[in-house]
Number of protein chains: 2
Amino acid sequence: MNIGFIGLGVMGRPMAEHLIKAGHRVSLASRSGVPSNMGDGDVLRCASAAEASADADVIIIMVPDTPDVEAVIFGPAGVIETAKSGSIVVDMSSISPLASKQFAARLGERGIGCLDAPVSGGEVGAKAASLTIMVGGPADLFEHVRPLLELMGRNINRVGEHGAGQTTKVANQIIVALTIEAVSEALVFASRAGADPARVREALLGGFASSRVLEVHGERMIKRNFTPGFRVELHQKDLNLALENARLLGVSLPATALARSLFSACEAHGGGRDDHSSMVRALELLANHEIGQSMAKDAAE
Amino acid sequence: MNIGFIGLGVMGRPMAEHLIKAGHRVSLASRSGVPSNMGDGDVLRCASAAEASADADVIIIMVPDTPDVEAVIFGPAGVIETAKSGSIVVDMSSISPLASKQFAARLGERGIGCLDAPVSGGEVGAKAASLTIMVGGPADLFEHVRPLLELMGRNINRVGEHGAGQTTKVANQIIVALTIEAVSEALVFASRAGADPARVREALLGGFASSRVLEVHGERMIKRNFTPGFRVELHQKDLNLALENARLLGVSLPATALARSLFSACEAHGGGRDDHSSMVRALELLANHEIGQSMAKDAAE
């Protein structure tokens, strides 16, 4: 299959490499230029999204944000200038669900198919081809590109029509942020009350309070390991998307708004590039108490 | 072992019955009187906590709230009037961690040992002897009563010194409430954005958003099954404990305060006795959109 791949950042590059390795002909384009050492395999180095899309059956986009996707598709030297009728745009960026629906409609007017297919799993998942991929759009298009998605991810679900993939990604980011907040409040409380947060976490795993976040991020909070992982500033971007779309839809997300404020506090203290589990620091700041303090005390006893 | 058991409500009664069945001599007392059909086995029916404690090696208390525990131990005809020096009070009620520490200190002055050992798992867990039991207090006392706890629960952890069991229970209730809020916001958002919340939930299980709450309470929200389970009014009591203790400790719990407000909204609409997963209704009310609506729409398409 002829593939156009646009966006070769920390996520896009390893994803494109999986497609190249599998023997697909891939036309590469990236705003900052195609990396010089991406020449192996059946690769065409292109100067623009338009050039990468000209002969493509499937055009994959992996760029940071909603305006980037709009520019890549509809801007100067964009996908829309050259893409064939019958080709399929697969937008794997994480962007606004409402904008995603609009882009699909505009592409549809030109006979170009579209799927939104955002991912979770981060750089590690991109390299290991183990991404979770949440897909919105017509079922037949999904079946057509599924073999390509399977080269990049493992847990691949079509959730519904256009925008449903992005909506699911937003739901994912809401739940992860708020569960981080849940674990943060519980561990700061427990530590301040004199209990050892590590033993509290142990006792809660296995019960109704158990979650992947309690397991993974809870341990990070206790061990003070805030090396990302997933950065506060990226999660902040996703919560902004959630709240902006919620506003347009008339949905109240009070805890999501609160989580955004706590991430803002992390950023205000220079922690925007730390792991998102560092949300706990904002609560520690308010309580004038760090989880580590009680552990140090316990160790000294 | 001679056991005094005080409090024979929905939780206490099945718990006491496991001890009786195992052949222990149990002296029963309950504010509302000992149920007439609790006569089998080596049972002594007592008129007061003092009477039930007189010959007891271990005195188990299972009553609703902090003032109830205080009354049972220190009030007229209370435990303190008759309990032997060297006996052990095991308070399995869910009460204030700070009060729990004070009660232990006051009992200690009379030579009476104390453990706080609140449970989670509800009526189902009490009947099945599968409760999670979170214990605070001296390790030697814990080892002494562990065989009794094992007759009532399965996941039994000593977390730390006096109060640590109650602190862990509070941490548990914070996490569960806030994870319910996380799943509620995500599913209301997804549904209002036009996605099928059942498929969104499916796609998110297995990723970083996964939790017991997404599994169990998420399904309840989607299926509109709000038969308890665990009642809003009981979880509300636990969040009040959390916030009152947080105030005394100087800890900020903004999302916990928010969850309490949403439970208040459930109560204002007559839902205090519904399952706590019905917190989603408060958000649906704000969004003027019920999760079920989009499902009905999908089914009609």
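Every read-out reported here was derived from the displayed coordinates using simple, explicitly stated rules and does not represent laboratory data. Nothing here was measured: the structure is a model prediction, and the numbers come from that model. Here Cβ is always computed from backbone atoms with ideal geometry, including for glycine, and neighbour counts include all displayed protein chains.
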Exercise. Please report the relative contact order for the range B:58-121, taking Cα pairs under 8 Å with a sequence separation of at least 6, and give it as a percent rounded to a whole number.
Key: 37 percent
Exercise. Return the distance in nm (one decimal) between the two label points of a simple spin-label model at A:A71 and B:N225, each offset 7 Å from Cα along Cα→Cβ.
Key: 5.0 nm
Self-check item: Crossing angle, helix A:164-192 versus chain A [Cα axis fit, 0-90 degrees, rounded to tens]
Solution: 10 degrees
Exercise. Return the average number of partner chain Cβ atoms within 10 angstrom of each residue Cβ along peptide A:158-165.
Key: 5
Self-check item: Cβ-Cβ FRET estimate between B:R154 and A:Q102, R0 fixed at 60 Å, reported to 0.05
Solution: 0.70
Exercise. Please build a GNM for chain B, connecting alpha carbons under 10 Å apart, and tell me which residue among B:A257, B:A29, B:A126 fluctuates the most.
Key: B:A257
Self-check item: Relative contact order (percent, whole number), the range A:168-300, Cα cutoff 8 Å, 6+ residue spacing
Solution: 37 percent
Quiz item: Looking only at B:Q173, B:Q102, B:Q236, which one moves most when chain B is put into a Gaussian network model with springs between Cα atoms under 10 Å?
Solution: B:Q102
Quiz prompt | Inter-centroid distance (Cα atoms) of the range B:79-126 relative to the range B:243-267, Å | solution = 25 Å
Self-check item: Estimated [θ] at 222 nm from DSSP helical runs (n ≥ 4, -39500 (n - 2.57)) normalised by residues in chain B, nearest 500
Solution: -16000 deg cm²/dmol
Quiz item: So, in nm, how far is label B:E215 from label A:K21 when the simple model puts each one 7 Å beyond its Cα toward the Cβ?
Solution: 3.2 nm
Quiz item: If the limit is 30 Å between Cα atoms, which of B:K101/B:K223; A:K127/B:K169; A:K127/A:K237; B:K21/B:K84; A:K223/B:K127; B:K21/B:K101 go over it?
Solution: B:K101/B:K223; A:K127/B:K169; A:K223/B:K127; B:K21/B:K101
Quiz item: For chain B, what proportion of DSSP beta bridges, expressed in % and rounded to the nearest 5, is antiparallel?
Solution: 15 percent
Quiz item: Shortest first, in nm, what separates the label point of B:R110 from those of the same position in the other copies (7 Å along Cα→Cβ)?
Solution: 8.3
Quiz item: Residues of B:237-250, mean number of Cβ from any other protein chain within 10 Å of their own Cβ, rounded to a whole number?
Solution: 2
Quiz item: Label-point separation (nm) for B:R110 and B:D55, each offset 7 Å from Cα along Cα-to-Cβ?
Solution: 2.0 nm
Quiz item: Taking the label point 7 Å from Cα in the Cβ direction, how far apart in nm is B:M1 from each other copy of itself, listed shortest first?
Solution: 6.5
Quiz prompt | For the range A:161-301, size of Cβ-based charge dipole, Lys and Arg +1, Asp and Glu -1, in debye | solution = 120 debye
Quiz prompt | 7 Å along Cα→Cβ, label-point gaps from B:V216 to other copies, nm, shortest first | solution = 2.3
Quiz prompt | Selected from B:A50, B:L204, B:M279, residue furthest toward positive end of dipole (chain B; charges at beta carbon) | solution = B:L204
Quiz item: Closest approach to the A-B rotation axis by any Cβ of A: residue and distance in angstrom?
Solution: A:S211, 2
Quiz prompt | Choice from B:K127, B:K169, B:K21 with maximal GNM fluctuation in chain B (Cα, 10 Å cutoff) | solution = B:K21
Self-check item: FRET E, pair B:D42, B:R247, Förster distance 60 Å, beta-carbon r, rounded to 0.05
Solution: 0.85
Quiz item: Tell me, in nm to one decimal, what length is gained between B:V124 and B:N288 on full extension, where the rule is 0.36 nm per residue of separation less the Cα-Cα distance?
Solution: 55.6 nm
Self-check item: Efficiency of FRET between B:E267 and B:A139 - r from beta-carbon atoms, R0 41 angstrom, step 0.05
Solution: 0.50
Quiz prompt | Packing-based ranking, highest mean first, of B:286-292, B:6-12 given that Cβ atoms within 10 Å are counted | solution = B:6-12, B:286-292
Quiz item: How far is helix A:254-268 tilted off the main Cα axis of chain A, in degrees rounded to 10, range 0 to 90?
Solution: 80 degrees
Exercise. Calculate how steeply helix B:139-149 sits against the longest principal axis of the alpha-carbon atoms of chain B, using the helix alpha-carbon long axis, and give the answer as 0 to 90 degrees to the nearest 10.
Key: 70 degrees
Self-check item: Anisotropy class of the range A:2-161 from Cα gyration tensor, a/c 1.5 cut
Solution: rounded
